[in-house]
There are 2 protein chains.
Amino acid sequence: MGKIDIPKKAIYRLSIYHRCLQKLHDNNVETVSSTTLARAAGVKPAQLRKDLAYFGQFGTRGLGYPVEILSNIIRETLGREHLQPVILVGAGNLGSALLRYQGFGREGFEVVAAFDSMPEAAIARGVMIPVISIDRLEEFIEERAIKLAILCVPVEAAQSIANRLVNAGVQGILNFSPIVLEVTEEVTVNNVDLALELEHLGYFIR
Amino acid sequence: MGKIDIPKKAIYRLSIYHRCLQKLHDNNVETVSSTTLARAAGVKPAQLRKDLAYFGQFGTRGLGYPVEILSNIIRETLGREHLQPVILVGAGNLGSALLRYQGFGREGFEVVAAFDSMPEAAIARGVMIPVISIDRLEEFIEERAIKLAILCVPVEAAQSIANRLVNAGVQGILNFSPIVLEVTEEVTVNNVDLALELEHLGYFIR
DNA sequence: GCATGTGAAGTGTTTCACAGCA
DNA sequence: TGCTGTGAAACACTTCACATGC
């Protein structure tokens, strides 16, 4: 993976820290202690310090961390210095809702295009992002050097579309299908399995 | 939590095993070995066996596990013997897409009602599930003894709505807001943070 | 004095490897 | 023989506790 030995979970927390730091920056806070930032992020202070230490030494003893500098370092670490283009595949029910979802843009991702086997139907739903025929998937990925894709196709199609994405050069897939995708080692898949999350809750309610 | 000492992650995998078992059952398979089931679920055989062993002994040495029986046991363990009623709060963009999402019903959950501060607007989007004024939230939860809620309100409102849910008796929250909810210990929160998942991928693409 | 950075201890989870049983 | 069930080893991650430095 290139980078050294950093717990996967620490990467997730980095995103959370980044959000908290942005909020602090908006409030003109310049320095923050591990205790304060940890509380905002919902973790223990020691964990926060250890997470940050994986990447270097950014704090001043007796004082804390510089909000803006730390925020920028995390942004860079997460590969988000530049606006990252993303495509969405499968503009059905969930897919077109995600197209309208503001959250991605707010965090610095631009959904540049959507693909569907029936692009006309999707356009009719009032989506502002271009919906393109799935036939032109590979062409687009290569032309625009797309690295990230959001996959919302029906479960039967998921694996075959995933294969096409990977072959065309996609390196990260955010997968909404309830299926374990098989991909080569260089590709990272993040699963968002809505029904599974709900089932998981079922276990904990008495 | 009542139950003994079972890794949280094992609970998640239980849901996946359950899905695989259902598929096997549909294909009239009666017995399955840990190797086969593990491959389908994307885990190692030893892990599958250990996960199942937390709940008892269901396999036959030299043969494997009985598909139907094991499937039922997992269903019961996950608290899904009966159809579980769920409410959704916040029928905005993402929320109303989730209302139309078929996946929850497929896995045995019934979204019985949605709540919004502007219920009329949501109804106009063609949702078939009743959308009720947020004012009647507590009333409904208590009347129907709702235990699970899907939370899709704007981030500013998330914590206060969560408080209302918990006070009314909700024990599990599937939270789509990018915020760390603070709840009492008896309540379980599952976070689905879409932007965070995308950010996480950003780290791994070169 | 105060808050970071970090070895070391602790906790939780996964994997191994093999005994035990159909 | 084949496959489960499980102690023990390995690994991964978290927390502690304190030396270090501003």
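Taking the inverse of the mean reciprocal distance over all distinct Cα pairs, the Kirkwood hydrodynamic radius of segment B:58-164 comes to 15.6 Å.
DSSP bridge analysis restricted to chain B gives an antiparallel fraction near 10%, rounded to the nearest 5.
Charge tally around A:Ser133: other residues with Cβ under 11 Å, Lys/Arg +1 each, Asp/Glu -1 each, net -3. Alpha carbon centre of segment B:1-47 versus segment A:145-161: separation in Å? Using only Cα atoms to place each centre, the spacing works out to 25 Å. Shown is the FRET efficiency for A:Arg49 and B:Lys9, computed with R0 = 35 Å from the Cβ-Cβ distance and rounded to the nearest 0.05: 0.85. Label-point spacing at B:Ala145 relative to the other copies reads 6.0 nm, in ascending order, each point sitting 7 Å out from Cα along Cα→Cβ. Relative contact order of chain B: 13 percent, from C-alpha pairs under 8 Å at least 6 residues apart in sequence.
What would the Debye equation give as log₁₀ I(q)/I(0) for segment A:72-117 at q = 0.15, 0.24, 0.29 Å⁻¹, counting only Cα atoms as equal point scatterers? With one equal scatterer per Cα and no solvent, log10 I(q)/I(0) is -0.43, -0.83, -1.02. Distances between equivalent label points of A:Asp5 across the copies, with each point positioned 7 Å along Cα→Cβ, amount to 2.6 nm, shortest listed first.
Largest GNM mean-square fluctuation among B:Ile87, B:Ile73, B:Ile141, using chain B with Cα springs under 10 Å: B:Ile73.
Of A:Arg106, B:Arg164, the residue with the largest accessible area leads and the full order is A:Arg106, B:Arg164 (1.4 Å probe). Estimated at the nearest 10 Å², the accessible area of B:Lys9 is 130 Å² with a 1.4 Å probe.
Between segment B:162-182 and segment A:63-114, the C-alpha centres lie 25 angstrom from each other. Taken about its Cα centre, chain B carries a charge dipole of about 1120 debye when Lys and Arg each add +1 at the Cβ and Asp and Glu each add -1 at the Cβ.
At the residue level, B:Thr60 shows approximately 80 square angstrom of accessible surface with a 1.4 angstrom probe and all protein chains present.
For segment A:158-206, the pair-distance distribution built from all alpha carbon pairs, in bins 5 Å wide starting at 0, is 5, 20, 26, 17, 11, 9, 6, 4, 1, 0 percent.
B:Lys23 contributes an accessible area of around 130 Å² to the protein surface, as traced by a 1.4 Å probe with all chains present. Built from the Cα atoms of chain B, the convex hull projects on average onto 14.1 nm², one quarter of its surface area. Semi-axes of the equivalent ellipsoid for segment A:8-77, computed as √(5λ) from the eigenvalues of its C-alpha gyration tensor and ordered from largest down, come to 15, 13, 12 Å. Counting Cβ atoms of other protein chains within 10 Å of each Cβ in B:92-103 and taking the mean gives 5.
Taking all Cα pairs closer than 8 Å and separated by 6 or more residues, the relative contact order of segment A:65-145 comes to 25 percent. Taken over the protein assembly as shown, the alpha-carbon convex hull comes to 160 cubic angstrom per residue.
The values are calculated or read from the model by the stated rules, or taken from the named source; none is laboratory data. Computed from a predicted structure; not experimentally measured. Reconstructed Cβ throughout: ideal geometry from the backbone, glycine too, with neighbour counts over all protein chains shown. Areas reflect the complete protein model, heavy atoms only, side chains present, ligands, DNA and RNA absent. Shrake-Rupley method; radii C 1.70, N 1.55, O 1.52, S 1.80 Å.
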